[in-house]
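The values are calculated or read from the model by the stated rules, or taken from the named source; none is laboratory data. Every value quoted in this text rests on a predicted model; they were computed, and no experiment measured them. All Cβ positions, even for glycine, are placed from backbone atoms using ideal geometry, and neighbour counts span all protein chains on display.
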Amino acid sequence: MKFWTMDVSGRTNLRLAEGPIPEPGPGEILVEVSAVALNYRDRLAIDEGLTMIFPAHRPFVPGSDMAGVVTDIGTGVNRFEPGHRVISTCLPDWIDGPGPGDARLGGPEALGSGHYPGVLTEYVVLEQNWAVHAPESVSDAEASTLPMAGLTAWTALAERGHVRAGHTVVVQGTGGVALFGMQIAAAHGAEVIVISGDDAKLARVQELGATHGINRISQDWVEAVYTLTSDRGADHILEVVGGAHLARSLEAAAVCGRVSLVGILGGYEISGQMSDLARKKLTIEGIQVGHRRALEDFVHAIDRTGIRPVIGGEYSLSDLPAALDHLERGPFGKIVVRMK
């Protein structure tokens with residue numbers, strides 16, 4: 001089989017290698033990978049190392065989000081059979097509830113971090129608890145986008161935020177998490193305002209179900225939110241920029257509003273006015289993707305609501321560097337690597 005690997009961080013250190021197809025052990029499944037969706041986290045991990053560990057005893061393979069077909073199972077496997085279509089859970093062993101982690105390190109690491117195997121490979125062995133059945137209504141390429149980007153938006157809005165009709169949701173940008181958030185909020189009957197610096201992209205999101213679009217370059221987006229909501233503000237904001245930009249989301253939020261902090265494009269240090277936080281009684285919640293039970297709920301919602309993941313570009317396995325370049329440019333939707 002072919003797989004991408006690296007021994008030290010830096011995109012120039014990526015190499016496409018070949019090796020034997022692994023065999024599943026007890027409690028494990030062997031998956032023939034059909035498609036892998038790339039995340040901003042994957043680019044950071046490859047280019048900057050992030051929290052990656054380069055294990056000495058096996059090649060490091062990046063990537064966390066895949067769709068594929070189970071081809072073999074180990075002893076004791078009772079959740080899957082050969083032939084089942086599956087998607088990965090990018091945070092292994094977080095089944096439900098608060099999940100693993102502690103005050104020093106926080107929550108669990110993802111697949112493709114060195115702590116766990118990555119999925120940019122033609123075949124991968126996973127613990128059976130690290131996968132769920134794929135939705136029936138979408139292709140493998142579309143299904144591969146659910147484990148991180150899709151589940152992050154679902155956790156923020158549906159699992160934790162309880163979005164509903166009558167809410168106003170602000171979504172920042174047109175990347176994977178943002179477009180999933182827009183569709184999830186619209187499916188629940190909420191009004192959705194999308195913020196972007198590209199008028200062409202704003203036109204596209206309104207075709208996909210957004211109620212309003214605001215060009216953040218040509219106008220002050222917070223003031224525009226005030227105008228669109230008659231000064232009430234947004235009930236829920238998907239904050240994908242982070243850093244100092246969080247302060248603007250606190251300004252735009254309604255009384256008792258909720259801000260889901262999901263992005264680090266603006267850096268790891270956040271800031272905002274205490275007066276906004278206190279006087280408006282806001283909730284700010286950091287979102288680390290989500291657990292397996294929520295992913296299973298999201299899969300059911302995909303099949304029942306007709307939500308279709310938006311793919312902004314598809315590349316072959318050998319074209320991973322070009323796919324990463326596209327990801328860095330800021331695609332409309334998700335970038336997917338097809339194995340075949």
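With segment 140-191 as the region, which helices (runs of 4 or more DSSP H) entirely inside it contain at least 3 residues that are within 10 Å of the chain's Cα centre (by Cα), modelled with pLDDT of 95 or more and of a type in the set (A, V, I, L, M, F, W, C)?
151-154, 176-187
For segment 1-56, what are the residues that are modelled with pLDDT under 90 and part of a loop (DSSP other than H, G, I, E, B)?
Those that are modelled with pLDDT under 90 and part of a loop (DSSP other than H, G, I, E, B): 7, 8, 9, 10, 49, 50, 51, 52, 53, 54, 55, 56.
Please verify whether residue 86 is under 19 Å from the mean Cα position of the chain (by Cα), assigned to a strand (DSSP E or B) and hydrophobic (A, V, I, L, M, F, W, C), treating the condition exactly as stated.
Yes: the conditions hold for residue 86.
Could you tell me whether residue 214 is in a strand (DSSP E or B) and of a type in the set (A, V, I, L, M, F, W, C)?
Judged against the criteria, residue 214 is a match.
Please state which one of 271, 275 is in the same structural domain as residue 233 (by TED's automatic domain parsing) and touching a residue at least 24 places away in the same chain (Cβ under 8 Å). Break it down stepwise before answering.
Details: 275 fails: touching a residue at least 24 places away in the same chain (Cβ under 8 Å).
After ruling out the rest, the residue left standing is 271.
Could you check residue 247 against (1) crowded, with 19+ Cβ neighbours inside 10 Å; (2) more than 28 Å from residue 147 (Cβ to Cβ) and say which number it fails?
In the conditions (1) crowded, with 19+ Cβ neighbours inside 10 Å; (2) more than 28 Å from residue 147 (Cβ to Cβ), residue 247 misses (1) alone.
Out of (1) more than 29 Å from residue 15 (Cβ to Cβ); (2) free of Cβ contacts under 8 Å to residues at least 60 places away in the same chain, what's the single condition that is false for residue 291?
That leaves (2) as the condition not met.
So how many residues does segment 127-138 have that are closer than 24 Å to residue 309 by Cα and part of a strand (DSSP E or B)?
3
Count, please, the residues in segment 102-126 that happen to be modelled with pLDDT of 90 or more, in a loop (DSSP other than H, G, I, E, B) and surrounded by fewer than 16 Cβ atoms within 10 Å (Cβ to Cβ).
1
Would you check if there is a residue in segment 276-294 being surrounded by fewer than 22 Cβ atoms within 10 Å (Cβ to Cβ), in a loop (DSSP other than H, G, I, E, B), over 16 Å from the mean Cα position of the chain (by Cα) and at pLDDT below 95?
Taking every residue of segment 276-294 in turn, none turns out to be surrounded by fewer than 22 Cβ atoms within 10 Å (Cβ to Cβ), in a loop (DSSP other than H, G, I, E, B), over 16 Å from the mean Cα position of the chain (by Cα) and at pLDDT below 95.
Somewhere in segment 217-230, is a residue surrounded by fewer than 24 Cβ atoms within 10 Å (Cβ to Cβ), among the charged types (D, E, K, R), out of contact with any Leu (no Cβ under 9 Å at 6 or more places or on another chain) and modelled with pLDDT of 95 or more?
Within segment 217-230, one or more residues are surrounded by fewer than 24 Cβ atoms within 10 Å (Cβ to Cβ), among the charged types (D, E, K, R), out of contact with any Leu (no Cβ under 9 Å at 6 or more places or on another chain) and modelled with pLDDT of 95 or more.
Pairs needed: first member in segment 215-238, in contact (Cβ under 8 Å) with a residue 40 or more places away in the chain; second member anywhere, assigned to a loop (DSSP other than H, G, I, E, B) and among the aliphatic types (A, V, I, L, M); C-beta distance under 7 Å; at least 6 residues apart or different chains.
236/163; 238/262
Taking residue 339 as meeting all but one of (1) farther than 18 Å from residue 159 by Cα; (2) surrounded by fewer than 20 Cβ atoms within 10 Å (Cβ to Cβ), write down the number of the exception.
Answer for residue 339: the failing condition is (2).
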